[in-house]
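A.B. asks: Before anything else, here's the structure in question.
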Amino acid sequence: MEKLRTGIFGFDELTHGGLPKYSTIILAGSPGSGKTTLAFETAFNLARDGKRTLIISTVSEPLAKMVRFMSSFSFFDKKFIGREIFFEDISEFIQKEDPAVILEHIDFLIKKIRPELLIIDSFKSLCENLFDSEKIKRKFLYTLSLRLSIWQVTSFFVGEYLLSDIKKEIEFSVADGIIYLFGTEEAELQKRYIQILKLRGSSFEKGKQYFDITSDGIKIYLRLRPDIERIRYCFSEKEIKTGIAEIDRMFGGGIRKGSVTLISGPTGIGKTIFTLKFAESYLKADKNHKFLFFSFEESPDWLIKYAQALNFELEPFIKNNKLKFIFLSPVELDLDYLCFRIMYEIRNTGEDTGIAIDSITSFRYSQRDDIRYREMLWSLMNFFKYSNNTAFITYEVEDPFGVNLIAHEMKISVLSDSIITLRYYEDSPYIKRALSVIKIRGSNHSKEIREFDIVEGKGIIIKELVSKGIMK
Amino acid sequence: MDKEKSRLIVLIKESLNEISMYIGTSALKVVLERIFFDLSVYNPAWEHIEISDPEEVDFSKFSIEELKKFYHMLVDIVGNILGDEFKKELLRKAKKEE
């Protein structure tokens, strides 16, 4: 089946290539949910390809007002008006309350303009003002959708419908597609979602997808889901030396290229410092290497200061654009958006890039659903694997002296190739830090627990074995 | 009337008959109305065809080229309504007649 590409960011991926041509799609949602923006943006994108759209306004919002609001978007270009985009106000015809007159007028406009796309906004108002009986409404809908398919017009019927309307209004059984836009309040934040409820003749991404309305229009960030078939455990012989002999020995030689390393530990233990050190090692290992450091907690300025204080040589790599710090706020955004940003940066940098996510615990702030959170972590780690990234992920555990140090609750340890745990222990009258390597896939790693320290001007210092039992 | 034109008209009539069984006479009338509207741009005679009974439409006054054009438009539009398989079937019939 031929498809009509809307050109809207993320939308054509959502519909697996676009909307089936000549279908009737209802854009449903509450006022302000983005329905009209989606319809108008599609019209302007089609206009850029020389395709025509007829936009019919009914009785809910004056046409002039709709156009004025749309003109604030960057996709709006007045040169298309009257050339590829045609407006018509049929409120006068609606007042005559004769469906046959409306059909005749729409027919006349279609014959005259020959649009690729027809938008009727608001379709709900049209129905409310025109029909007293279900029988007449059904006949009107049937005739209209039949005529549109014969005249080879794809149509958007835009309306302020709620989910409850979808079950009872007959236009939803006649429509070939139903796209529902809605908002939710999550921890005082307003988030927008789009969901395809029905799309005849096409597969589509199931479930709700996060989207945003920017000055450029609608941007849909598809849910990241684990791609089970593509999960792979590639085994690289190549090891990256950390520059700290004791750590390399504990790792059984070094950090394996293309692996995912989980660095787990309580607050302040040094997870970020270890990750910065690994970033330096990765960049030094090969002059073609690049590294992306995604930080959700500390600003790039602070991270650079830490690195300087510990004598890590990161500045030359920053200057040569080999190392990039990206600060993302986990609080105000959706997890799908965060994952999209991470994947976007990685795709733009290329395969074989070193990655740090500091920390995945912060992801929690933008996702309160456990299953969704775990699904997202799996997907992201899986993405690192098939993109051949060497990744370092930090995970904060709550109990500073606890032994439950591996992030088992989310099963992320399963997808990690290496796990390092950092912990505090009491050596009266001091609190000391210890390091142990729990897992290195395919390597005979050390089973030792070693004391370590972080010293200004020197960096990470690995000390003697911890002889006393600290895992009781 | 030459043989080729006669065969073409028979093909069109048979196809219209078959299509009406799938989409009904009223929808078929809309299909014809649309095709005649488009073809009238090249030949105004199409605009004045009587379509109250689609099976009784008189195609005899049109050229072979015009009838071929009509058939292809019919296949295209009906294909969009009934799906690709039906479209292929109509095209197969046309090829057989050639």
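The values are calculated or read from the model by the stated rules, or taken from the named source; none is laboratory data. Bear in mind that the values here come from a model prediction, so they are computed numbers and not experimental data. Counting neighbours? That spans all protein chains shown, and the Cβs are built from the backbone with ideal geometry, glycine included. For accessibility, only protein heavy atoms count, side chains too; no ligands or nucleic acids. Shrake-Rupley method; radii C 1.70, N 1.55, O 1.52, S 1.80 Å.
A.B. asks: When the residues of segment B:17-32 are narrowed to those that are within 14 Å of another protein chain (Cβ to nearest Cβ) and among the hydrophobic types (A, V, I, L, M, F, W, C), which ends up farthest from residue A:115 (Cα to Cα)?
C.D. replies: That would be B:19.
A.B. asks: Looking only at segment B:72-95, which residues are small (Gly, Ala, Ser) and either open to solvent by 70 Å² or more (accessible area, probe 1.4 Å) or away from chain A (no Cβ under 14 Å) (or both)?
C.D. replies: B:94
A.B. asks: Could you tell me whether residue B:69 is away from every other protein chain (no Cβ under 13 Å), closer than 29 Å to residue A:20 by Cα, exposed (fewer than 15 other Cβ atoms within 10 Å of the Cβ) and among the basic types (Lys, Arg)?
C.D. replies: Judged against the criteria, residue B:69 is not a match.
A.B. asks: Within segment B:33-45, track down each residue that is away from every other protein chain (no Cβ under 14 Å) and in a helix (DSSP H, G or I).
C.D. replies: Within segment B:33-45, B:44, B:45 meet the criteria.
A.B. asks: Okay, moving on. Are any residues in segment B:46-65 assigned to a loop (DSSP other than H, G, I, E, B) and of a type in the set (A, V, I, L, M), and if so, which ones?
C.D. replies: The answer is B:49, B:51, B:57.
A.B. asks: While we're on this one: Is it the case that residue A:51 is farther than 17 Å from residue A:121 by Cβ and part of a helix (DSSP H, G or I)?
C.D. replies: no
A.B. asks: Given (1) more than 14 Å from chain B (Cβ to nearest Cβ); (2) touching a helix residue (DSSP H, G or I) at 6+ places or on another chain (Cβ under 7 Å); (3) in a loop (DSSP other than H, G, I, E, B); (4) farther than 27 Å from residue A:341 by Cβ, identify the lone condition not met by residue A:31.
C.D. replies: Every condition holds for residue A:31 apart from (2).
Here's the yes/no breakdown for (1) more than 21 Å from residue A:256 (Cβ to Cβ); (2) among the aromatic types (Phe, Trp, Tyr); (3) in contact with a Ser or Thr (Cβ under 6 Å, 6 or more places away or on another chain):
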{"residue": "A:298", "(1), (2), (3)": "yes, no, no"}
{"residue": "A:302", "(1), (2), (3)": "yes, yes, no"}
{"residue": "A:355", "(1), (2), (3)": "no, no, no"}
{"residue": "A:364", "(1), (2), (3)": "yes, no, no"}
{"residue": "A:378", "(1), (2), (3)": "no, yes, no"}
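A.B. asks: Looking at segment A:58-74, can you tell me whether even one residue there is on the phi < 0 side of the Ramachandran plot, within 14 Å of chain B (Cβ to nearest Cβ) and not basic (Lys, Arg)?
C.D. replies: No, there is no match, as no residue in segment A:58-74 is on the phi < 0 side of the Ramachandran plot, within 14 Å of chain B (Cβ to nearest Cβ) and not basic (Lys, Arg).
A.B. asks: Still on this structure: Could you tell me how many of the residues in segment A:328-363 are of a type in the set (Gly, Ala, Ser) and part of a loop (DSSP other than H, G, I, E, B)?
C.D. replies: 3
A.B. asks: Continuing with this model, one more query. Give just the number: which of (1) surrounded by fewer than 17 Cβ atoms within 10 Å (Cβ to Cβ); (2) within 14 Å of chain B (Cβ to nearest Cβ); (3) in contact with a helix residue (DSSP H, G or I) (Cβ under 7 Å, 6 or more places away or on another chain) does residue A:24 not satisfy?
C.D. replies: (1)
A.B. asks: Oh, and also: Return a yes/no flag: does segment A:2-10 have any residue that is open to solvent by 30 Å² or more (accessible area, probe 1.4 Å), more than 30 Å from residue A:224 (Cα to Cα), over 23 Å from the mean Cα position of the chain (by Cα) and among the acidic types (Asp, Glu).
C.D. replies: no
A.B. asks: If you don't mind, there's one more thing I want to ask. Collect the residues in segment A:40-60 that are surrounded by fewer than 24 Cβ atoms within 10 Å (Cβ to Cβ) and acidic (Asp, Glu), keeping them in residue-number order.
C.D. replies: Hit for segment A:40-60 is A:49, nothing else.
A.B. asks: Here is a further query. Can you name the condition, by its number, that residue B:27 falls short on among (1) surrounded by fewer than 13 Cβ atoms within 10 Å (Cβ to Cβ); (2) at pLDDT below 90; (3) outside any loop (DSSP other than H, G, I, E, B)?
C.D. replies: So residue B:27 meets the others, but not (1).
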